[in-house]
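The values are calculated or read from the model by the stated rules, or taken from the named source; none is laboratory data. The structure displayed is predicted, hence computed values, not measured ones. Methodologically, a virtual Cβ is constructed for each residue, glycine included, from the backbone with ideal geometry; neighbour enumeration extends over all protein chains shown. Side chains included, ligands, DNA and RNA excluded: accessible areas come from the protein's heavy atoms. Shrake-Rupley method; radii C 1.70, N 1.55, O 1.52, S 1.80 Å.
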Amino acid sequence: MPSRYHDVYAEWKKDPEKFWAQAAQDIQWETPWDTVFDASKGVFGQWFAGASCNTCYNCIDRHVQGGRPGQTALIYDSPMTGAVRTYTYSELLAEVQALAQVMIDLGVTKGDRVIVYMPMIPEAVFAMLACARLGAVHSVVFGGFAARELATRIDDCQPKLILSASCGLEPGRVVAYKPLLDGAIELSAHKPDGCLILQREAAEATLIDGRDHDWAAQVGAAKSAGAEVPCCPVDATDPLYILYTSGTTGQPKGVVRDNGGHMVALKWTMSNIYGIEPGEVYWAASDVGWVVGHSYIVYAPLLHGCTTIVFEGKPVGTPDPGTFWRVINQHRVAALFTAPTAFRAIKKEDPDGAFIEKYDLSSLRTLFLAGERADPDTIQWAEEKLGVPVIDHWWQTETSWAIAANPVGLGMLPVKYGSPTVAMPGYDVQILDTAGHEVAAGEMGSIAVKLPLPPGNLPTLWNNDARFSDSYLSEFPGYYATADAGYMDEDGYLYIMARTDDIINVAGHRLSTGAMEEVLANHPDVAETAVIGIADKLKGQIPAGFIVLKSGVDRDNGEIEKEAVQLVREKIGPVAAFKTAITVPRLPKTRSGKILRGTMRAIADGVDYKMPATIDDPVILDEIGEALKARGFGG
Ligand code: COA
Ligand code: AMP
């Protein structure tokens, strides 16, 4: 069947408002919009201005009332604990209403912010949906972040309440959340009114009198009382959530998501990009702390009436590289979405796919990969071993859904390895040179999206229109700058090659080298520092930090390096995967004093580079090369 993609893209381009108004028919609105897109509102305009709606209603109540009350909405599968639990749409409604009632009792009202700092358990999803039900704005913080990162988010979004659990479970390690939470609240200037803590068996937390509340006791009581909490209508343009993502400094960016446009876009993607029918099982093996988790563990599958899976485990080691196949087999998964790094990890442990053969994967139609560049080797291995199409698609926390994809629901286009295929309707993607002019097909440039951004994309950063404009809209007037560089071929296929800022991608996690440098610079013996991302076969990139010691420091370098590694783990968190600090006598710089991080990266990756014309002292590059070689880097 020929793909409908080109027709649908042209239809969107001809009349974007008509296109999105039509897609919006699949959402139930409390009151309809005045204008599909109001260019006079917000920073660059707003979608579905004047409409009111409720995201939780569309995710749950609508299906309970509309013929799916007994269908499984959520499966919790935890190889970490051995638990498998299922919730029907009716049961999900009861859980969410009970939690919403507790939140009301703790003072949460429409517009209040609520931080969710939880592991991959169903209660994290209940928490997000309960916020949506009340019109409160959730901000989920990934469990791998340390206290200081949590504190920064507390100060920025000023939550009334924090929902957390006593611990998370990592292979061979229980991560006690409560000390991190207490530490964060101590560090932050803003103090929440209260914390609701879910006690887990692996590590019970000590609750603080007057501030902390016991989740099970309170929610249990609300459930027994048969709590019924109506959905609070919100403006389509009101925020549903804030999700912090790495910026170029230690201060993360609070990406804002609205309610209306987000629902319209995500619902559209389920049939058109993912080719999934309501009632099918859709599994995003990610974490609710990331945007993939927000969009494709929680909101999109539920908006579409699917069954979603909350998986508490890893692709390998929990207990073996067959875990993904066991889950697909057991729960009859139709589509799996994960990061390429997960497949690289599986391939490393089970190169012949022996574990794949142990399971019946006949339910699986498609594998979707995103979060980092999908290397052709990994794609081809997955295609061959699984026997299903493997779709690389490109998106960002800022967009909440794919900018470029191969739209399975519209009919697949031919696959070109190394390309996430073509721009989706909603996105006029252009490759620009530094002056903002479009470059020819095949030429590298900055990837930009012509404004307005489509529904689902961020309207602004939390309380910071100015930073939103500065970060994304000022480089190329009239465009959103993605901060990715790459090219488009003559068939319109995009190739995403590198970031244009100091963001690195470690195991599909987006991290700021600038933030790591800020931490290292605070070590008392460190005078100067530069952090780069070095290519890594498993994780895509790993960070390495060069440190120059203050003159007069007379301590063992190895000791200082160990302290530097520990400092990043303590301040940013284990997710930074920062394991390499290298002491060097000096850093390579331009004559104007700019550190040559790009050149250092090329040396570390063992790729050719041009000697920068403005370099101050080329000998320093040899010193860097030697230091890297001593640690096994440099090709
Ligand atoms: N809470 C606490 N710590 C966490 C955590 C969490 N939720 N998630 C990860 N960490 C810790 C890990 O335990 C590890 O700690 P360690 O240094 O003590 O070993 C550290 O953070 C780095 O984690 P990660 O980079 O994920 O590496 P890993 O070795 O634990 O696992 C993979 C490697 C490839 C198996 C793993 O990264 C993976 O499954 N990735 C999938 C990618 C993904 O889900 N991306 C989301 C976007 S789609
Ligand atoms: P995040 O906001 O964490 O989702 O990270 C977004 C960034 O990850 C993008 O700007 C890209 O640099 C990278 N990325 C995500 N998906 C892909 C992909 N399919 N191919 C290449 N890079 C990707």
| query | Applying the selection to segment 296-334, what residues are within 16 Å of ligand 2 (Cβ to nearest atom) and in contact with a Phe, Trp or Tyr (Cβ under 6 Å, 6 or more places away or on another chain)? | reply | Tyr296
| message | Looking only at segment 388-426, how many residues end up being in contact (Cβ under 8 Å) with a residue 24 or more places away in the chain and part of a loop (DSSP other than H, G, I, E, B)? | response | 26
| note | Here the qualifying pairs (Cβ atoms under 8 Å; residues six or more apart or on different chains; first in segment 505-519 and without any contact (Cβ under 8 Å) to a residue 40 or more places away in the chain; second among the hydroxyl-bearing types (Ser, Thr, Tyr) and more than 10 Å from ligand 2 (Cβ to nearest atom)) come out as Glu517/Thr529
| request: Looking for whichever is under 20 Å from Ala335 (Cβ atoms), more than 16 Å from ligand 2 (Cβ to nearest atom) and modelled with pLDDT of 95 or more here; the options are Val388, Val439. Which one fits? | output: Val388
| For segment 297-313, how many residues are aromatic (Phe, Trp, Tyr) and either surrounded by fewer than 24 Cβ atoms within 10 Å (Cβ to Cβ) or closer than 15 Å to Met424 by Cβ (or both)? | 0
| request: Quick one: which residue in Ser474, Ser469, Ser419, Ser446 is farther than 30 Å from Leu240 by Cβ and either out of contact with any Lys or Arg (no Cβ under 6 Å at 6 or more places or on another chain) or open to solvent by 10 Å² or more (accessible area, probe 1.4 Å) (or both)? | output: Ser419
| note | Filtering segment 607-635 for residues that are under 11 Å from Pro588 (Cβ atoms) and small (Gly, Ala, Ser) leaves a count of 1
| What number of residues within segment 22-40 satisfy the criterion of being more than 19 Å from Pro459 (Cα to Cα), in contact with a strand residue (DSSP E or B) (Cβ under 6 Å, 6 or more places away or on another chain) and of a type outside the set (D, E, K, R)? | 2
| Of the residues that sit in segment 485-502 and are crowded, with 21+ Cβ neighbours inside 10 Å and under 20 Å from the mean Cα position of the chain (by Cα), which one is farthest from ligand 2 (Cβ to nearest atom)? | Asp502
| Does any residue of segment 394-406 turn out to be open to solvent by less than 10 Å² (accessible area, probe 1.4 Å), more than 29 Å from Val255 (Cα to Cα) and either in contact with a Lys or Arg (Cβ under 7 Å, 6 or more places away or on another chain) or outside the structural domain of Glu11 (by TED's automatic domain parsing) (or both)? | no
| query | Does segment 368-377 include one or more residues that are farther than 30 Å from Gly82 by Cβ, within 16 Å of ligand 2 (Cβ to nearest atom), open to solvent by less than 20 Å² (accessible area, probe 1.4 Å) and not in a helix (DSSP H, G or I)? | reply | yes
| query | Of all residues in segment 270-295 being near ligand 1 (Cβ under 9 Å from one of its atoms) and part of a helix (DSSP H, G or I), which is nearest to Ala165 (Cα to Cα)? | reply | Gly293
| request: Return the pairs, sorted by first residue and then second, in which the second residue is of a type in the set (D, E, K, R) and open to solvent by less than 20 Å² (accessible area, probe 1.4 Å), the first residue lies in segment 317-339 and is more than 13 Å from Ser363 (Cα to Cα), the beta carbons are less than 6 Å apart, and the residues are 6+ apart or on different chains. | output: Pro321/Asp350
| request: Quick one: which strands (runs of 3 or more DSSP E) lie wholly within segment 141-209 and hold at least 3 residues that are within 21 Å of the chain's Cα centre (by Cα)? | output: 161-165, 167-170
| note | Restricting attention to segment 127-147, the residues that are modelled with pLDDT of 95 or more and surrounded by fewer than 23 Cβ atoms within 10 Å (Cβ to Cβ) number exactly 2
| Counting just the residues of segment 264-289 that are polar (S, T, N, Q) and more than 22 Å from Phe37 (Cβ to Cβ), which one comes out surrounded by the most Cβ atoms within 10 Å (Cβ to Cβ)? | Ser286
| message | For segment 452-569, give me every one of the strands (runs of 3 or more DSSP E) that falls completely inside it and has 2 or more residues that are within 16 Å of ligand 1 (Cβ to nearest atom) and more than 30 Å from Gln430 (Cα to Cα). | response | 540-549
| query | Of the residues Trp20, Trp47, which single one is of a type in the set (Phe, Trp, Tyr), in a helix (DSSP H, G or I) and under 29 Å from the mean Cα position of the chain (by Cα)? | reply | Trp20
| note | Of the listed residues (Ala435, Ala441), the one being open to solvent by 30 Å² or more (accessible area, probe 1.4 Å), under 16 Å from Tyr472 (Cα atoms) and assigned to a loop (DSSP other than H, G, I, E, B) is Ala435
| field | Candidate set from segment 314-354 (those that are within 15 Å of ligand 1 (Cβ to nearest atom) and acidic (Asp, Glu)); member that is most open to solvent (accessible area, probe 1.4 Å) | value | Glu349
| request: Note down all Cβ pairs under 6 Å where the first residue falls in segment 274-286 and is in contact (Cβ under 8 Å) with a residue 24 or more places away in the chain, the second is assigned to a loop (DSSP other than H, G, I, E, B) and open to solvent by less than 20 Å² (accessible area, probe 1.4 Å), and they're at least six residues apart or on different chains. | output: Pro278/His304; Pro278/Gly305; Glu280/Cys306; Tyr282/Ile276; Tyr282/Cys306
| field | Scope segment 88-127; condition assigned to a strand (DSSP E or B) and over 25 Å from the mean Cα position of the chain (by Cα); matching residues | value | Thr88
| request: May I ask you to list pairs of residues, at least six apart or on different chains, whose Cβ atoms are under 7 Å apart, with the first in segment 37-49 being on the phi > 0 side of the Ramachandran plot and the second being surrounded by fewer than 17 Cβ atoms within 10 Å (Cβ to Cβ)? | output: Gly45/Asp38; Gly45/Ala39
| request: Could you figure out which of (1) without any contact (Cβ under 8 Å) to a residue 40 or more places away in the chain; (2) farther than 30 Å from Val175 by Cβ; (3) open to solvent by 20 Å² or more (accessible area, probe 1.4 Å) isn't true of Lys579? | output: (2)
| remark: Taking first residues from segment 361-381 that are among the small types (Gly, Ala, Ser) and second residues anywhere that are away from ligand 2 (no atom under 11 Å from the Cβ) and open to solvent by 10 Å² or more (accessible area, probe 1.4 Å), the pairs with Cβ under 7 Å that are 6 or more apart or on different chains are Ser363/Arg332
| Can Met80 be described as under 21 Å from Trp215 (Cβ atoms), in contact with a Leu (Cβ under 7 Å, 6 or more places away or on another chain) and assigned to a helix (DSSP H, G or I)? | no
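Residue by residue, here is whether (1) under 30 Å from Ala83 (Cβ atoms); (2) open to solvent by 30 Å² or more (accessible area, probe 1.4 Å); (3) in contact with a Leu (Cβ under 7 Å, 6 or more places away or on another chain) holds:
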residue	(1), (2), (3)
Ala202	yes, yes, yes
Ala205	yes, no, no
Asp209	no, yes, no
His213	yes, yes, yes
Ala222	yes, no, no
Asp235	no, yes, no
Ser246	no, no, yes
